[in-house]
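Got a structure here, written out as structure tokens. Questions coming.
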Amino acid sequence: MSGIFGVASKDNSVYDLFFGIDYHSHLGTRRGGMVVYGREGFSRAIHNIENTPFRTKFEHDVESMKGQLGIGCISDYEPQPILVQSHLGTFALVTVSKINNMQELINEAYKSGHTQFQVMSSEEVNATELVASLINLKDNIADGIRYAQEMVDGSLTLLVLTKEGIYAARDLVGRTPLQIGHKEGGFCASFESFAYVNLGYKDYKELGPGEMVFITPDGVEEIKPAGDKMRICAFLWIYYGYPNSVYEGISVEEMRYRNGAMIAKRDEACQDIDYAAGVPDSGTAHAIGYANEAHVPFSRPFIKYTPTWPRSFMPTNQSVREMIARMKLVPVDGLIQDKRIALIDDSIVRGTQLRDTIKYLYNSGAKKVHVRAACPPITFACKFLNFSRSRSVMDLITRRVIHDFEGDSDVEKLDDYSNPDHPCYKHMVAEICKRQGFDSLQYERLDDMITAIGLPKCKVCTYCWDGKE
């Protein structure tokens with residue numbers, strides 16, 4: 001995932017841009033970047049932020065950069081922003097994207113006369129540079145943006161900085177969000193709505209699916225209207241979104257309370273627990289909702305040590321991810337010894353980290369641990385966002401279990417294993433519970449999760465759980 005932010009101001013925009021980008025740090029920890037345009041032209045800075053926070057890496061750049069227009073990002077993967085010169089002029093670009101047909105688009109670019117791409121250290125083409133090459137195939141930037149979005153198989157939300165202003169375009173079916181904020185003398189564009197609140201901006205407009213606008217310090221001009229079809233990612237509420245984020249008018253924190261309550265309503269183990277707890281951080285709010293509905297205390301048997309540890313799934317090496325996950329969670333022994341705990345996690349992907357966490361609870365004297373997942377079993381690898389960098393669906397614990405049950409016929413049975421009322425689903429959950437060493441395991445139902453979000457199912461992407469696009 002990535003987070004993007006842009007500012008068009010009558011005054012120097014650099015500090016607003018700097019803090020606005022920093023508020024997206026929960027969406028990526030590998031690269032950070034910002035570019036501004038002012039009287040002295042374009043100025044850009046990109047840094048590796050894997051071991052150092054964004055603010056620390058960029059504090060010296062902020063002192064030297066000046067401009068009324070600027071965009072930037074936090075990225076999980078490719079260096080951004082891209083700064084290019086073409087027949088469309090000089091422009092900068094940041095994206096939140098997942099491009100499944102990268103090689104096909106690269107090959108088409110070569111055929112059309114594009115001779116080269118820079119490659120990253122992984123020898124892969126930078127996805128944002130590829131998007132820039134698609135934009136340059138058209139006669140103007142607006143048409144180029146729409147062409148790029150139509151050509152990408154996956155998702156694409158972006159900001160394009162020109163000398164005149166900023167183009168902001170949300171993914172064609174709104175898989176990721178884009179908000180516009182306003183204050184006297186300027187406007188901003190942001191993935192996260194909360195990112196501009198402390199900078200003095202007020203909500204101005206949430207772009208609809210496929211909507212494109214042009215932002216200047218004086219106003220926001222609609223370039224292309226929103227479409228009717230929306231498939232916003234449900235994981236924005238379940239996991240990705242910061243607690244005070246709001247998407248489609250729906251608060252992340254409040255959704256998680258409702259979602260936890262929905263889990264508790266169907267949970268027969270509520271009478272067999274001393275308290276509910278969440279796996280920090282995103283499991284916490286789900287657990288609060290669970291505890292409120294079940295009328296049991298909420299406690300924190302683990303405290304997350306946040307000053308130095310990055311997000312656990314960021315390192316490319318799985319064993320390092322697991323080590324960091326263990327190092328971050330420090331137990332409170334008095335809340336574990338002889339206790340019966342309902343532990344709520346946002347999701348179960350591979351299952352490795354959660355299994356180790358539960359082992360730690362048992363080794364610390366927990367009497368029982370009932371595990372609850374705040375979303376349904378993940379059965380399909382995400383095609384639209386970089387939720388997980390799993391190289392194979394067999395990295396998913398659900399698919400390993402299903403394959404063990406069904407062999408090479410496993411794909412034909414996925415609908416049954418995704419249906420919470422089907423015996424296959426119950427057999428799978430029981431087997432996962434056994435392998436993981438839990439006292440019991442319960443996943444949130446898809447229909448209950450959608451109810452907790454509050455949008456019609458047809459407007460929410462649920463591909464990870466039911467394989468439906």
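What's the number of the only condition in (1) out of contact with any Ser or Thr (no Cβ under 8 Å at 6 or more places or on another chain); (2) modelled with pLDDT under 95; (3) farther than 14 Å from residue 442 by Cα that residue 268 fails to meet?
Checking residue 268 against (1) out of contact with any Ser or Thr (no Cβ under 8 Å at 6 or more places or on another chain); (2) modelled with pLDDT under 95; (3) farther than 14 Å from residue 442 by Cα, the one that fails is (3).
Would you mind listing the helices (runs of 4 or more DSSP H) fully within segment 345-422 where at least 1 residues are buried (at least 16 other Cβ atoms within 10 Å of the Cβ) and at pLDDT below 90?
352-363
With 109, 148 as the choices, which residue is within 18 Å of residue 71 (Cβ to Cβ) and of a type in the set (A, V, I, L, M)?
Just a single option satisfies the conditions, and that option is 148.
Let me ask you something else. Could you check, for segment 91-114, whether at least one of its residues is among the polar types (S, T, N, Q), outside any strand (DSSP E or B) and closer than 19 Å to residue 20 by Cβ?
no
Please work out which residue is farthest from the chain's Cα centre (by Cα), limiting yourself to segment 116-133 and to residues that are among the polar types (S, T, N, Q) and more than 14 Å from residue 85 (Cα to Cα).
Across segment 116-133, the extreme among qualifying residues is 116.
Further question: Which condition breaks for residue 248 when tested against (1) assigned by TED's automatic domain parsing to the domain that holds residue 44; (2) in contact (Cβ under 8 Å) with a residue 40 or more places away in the chain; (3) within 28 Å of residue 383 (Cβ to Cβ)?
(1)
Same structure, new question: Filtering segment 328-344 down to residues that are in a loop (DSSP other than H, G, I, E, B) and in contact with a strand residue (DSSP E or B) (Cβ under 8 Å, 6 or more places away or on another chain), which residue is surrounded by the most Cβ atoms within 10 Å (Cβ to Cβ)?
339
Has segment 195-211 got at least one residue that is part of a strand (DSSP E or B) and among the acidic types (Asp, Glu)?
yes
Specify which of the listed residues (194, 214) is modelled with pLDDT of 95 or more, over 30 Å from residue 329 (Cα atoms) and either under 19 Å from the mean Cα position of the chain (by Cα) or crowded, with 19+ Cβ neighbours inside 10 Å (or both).
Going through 194, 214 in turn, the sole match is 214.
Within the set of pairs 6+ apart or on separate chains, which have a first residue in segment 428-447 that is under 17 Å from residue 283 (Cβ atoms) and modelled with pLDDT of 95 or more, a second that is among the hydrophobic types (A, V, I, L, M, F, W, C) and in a loop (DSSP other than H, G, I, E, B), and C-beta atoms under 8 Å apart?
As it stands, the answer is 443/348; 443/375; 444/374; 444/375, since those pairs meet every condition given.
Sticking with this structure for a sec: Are any of the residues in segment 224-239 assigned to a strand (DSSP E or B), surrounded by fewer than 22 Cβ atoms within 10 Å (Cβ to Cβ) and in contact with a strand residue (DSSP E or B) (Cβ under 8 Å, 6 or more places away or on another chain)?
For segment 224-239, residues assigned to a strand (DSSP E or B), surrounded by fewer than 22 Cβ atoms within 10 Å (Cβ to Cβ) and in contact with a strand residue (DSSP E or B) (Cβ under 8 Å, 6 or more places away or on another chain): present.
The values are calculated or read from the model by the stated rules, or taken from the named source; none is laboratory data. None of these values were measured; they are calculated from a predicted model. FYI the Cβ positions are ideal-geometry reconstructions off the backbone, even for glycines, and counts take in every protein chain you see.
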